[in-house]
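Take a look at the structure below.
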């Protein structure tokens, strides 16, 4: 039975990384630097970090807390594990949180094969298999949400629940992406240098960016995939999401058999960075059901 859930929040003024005119630097959106004193360096924490071989690439991930396994997937291109820090902080008090740096991001290798959504699901499976044989709950933001959708459709027996934030229906005609490394460095040199320092092959940045663009310009996450998802899914988004328009979020919600919907008013793509309490308020009852 579908349930419609609206969470109410106030806009506190964070812009999506796709808005080049933003007044705040990229690292403000990604919450990567500067970090509060004493903050756990998620995505670059030797005390919690591990690697697993997934096909042609080593995938980096970190494990926090104890309990039922809970996989956390960050956003794409500029995404990092640290952007998910509020989720990891909150979830690790009652779950075993497995925070994945997805292929080509952070400390994870890019590999030699072109990026595909099936490959992304395979990487997630490799990490999960390395840590647990249990069903997992998955939370994915943006690109991580797409990976969660594909994983749930291919490996339904491994997923207990899925939360997808800022990830709706995606087909090539809906949005065109282009990669511009020069523009990214101009927006925030400190953030980009920080990300390059984490990459095992920083000289492949242009190749990585172009692969990401090709990936999004050819990917199809639509009815055929959504109808195969068997687990309960919470589809969450900001009302003013610039990357996943509201109509695509509603399409995903309607196509997934067992889904719930949460819309945070006046919030953009980084909805959980703009108003984490509202996002958590939407998630908590879904997780407890």
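Computed values, structure above
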{"quantity": "Conditions (1) more than 15 Å from residue 148 (Cβ to Cβ); (2) in a loop (DSSP other than H, G, I, E, B); (3) touching a helix residue (DSSP H, G or I) at 6+ places or on another chain (Cβ under 9 Å): number failed by residue 251", "calculated": "(2)"}
{"quantity": "Counted residues, the stretch 127-153 - those being farther than 12 Å from residue 70 by Cα and surrounded by fewer than 18 Cβ atoms within 10 Å (Cβ to Cβ)", "calculated": "3"}
{"quantity": "Residue in the stretch 258-267 that is part of a loop (DSSP other than H, G, I, E, B) and within 18 Å of the chain's Cα centre (by Cα) present", "calculated": "yes"}
{"quantity": "Hits in the stretch 77-111 (condition: part of a strand (DSSP E or B) and crowded, with 24+ Cβ neighbours inside 10 Å)", "calculated": "97, 98, 99, 100, 101"}
{"quantity": "Of all residues making up the stretch 200-219, the number that are farther than 16 Å from residue 181 by Cα and surrounded by 14 or more Cβ atoms within 10 Å (Cβ to Cβ)", "calculated": "4"}
{"quantity": "The stretch 208-240: number of residues that are at pLDDT 95 or above and part of a loop (DSSP other than H, G, I, E, B)", "calculated": "9"}
{"quantity": "Qualifying residue in the stretch 220-236 (condition: surrounded by 16 or more Cβ atoms within 10 Å (Cβ to Cβ) and more than 28 Å from residue 282 (Cα to Cα))", "calculated": "no"}
{"quantity": "Among the candidates 139, 125, residue that is under 16 Å from residue 231 (Cβ atoms) and in a strand (DSSP E or B)", "calculated": "139"}
{"quantity": "Sole exception among (1) surrounded by 19 or more Cβ atoms within 10 Å (Cβ to Cβ); (2) at pLDDT below 85; (3) closer than 30 Å to residue 183 by Cα for residue 7, by number", "calculated": "(3)"}
{"quantity": "Top-ranked residue of the stretch 155-174 - restricted to ones that are more than 17 Å from the chain's Cα centre (by Cα) and in contact (Cβ under 8 Å) with a residue 60 or more places away in the chain, ranked as surrounded by the most Cβ atoms within 10 Å (Cβ to Cβ)", "calculated": "174"}
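The values are calculated or read from the model by the stated rules, or taken from the named source; none is laboratory data. Everything numeric here is computed off the predicted structure, so don't read it as measured data. Here Cβ is always computed from backbone atoms with ideal geometry, including for glycine, and neighbour counts include all displayed protein chains.
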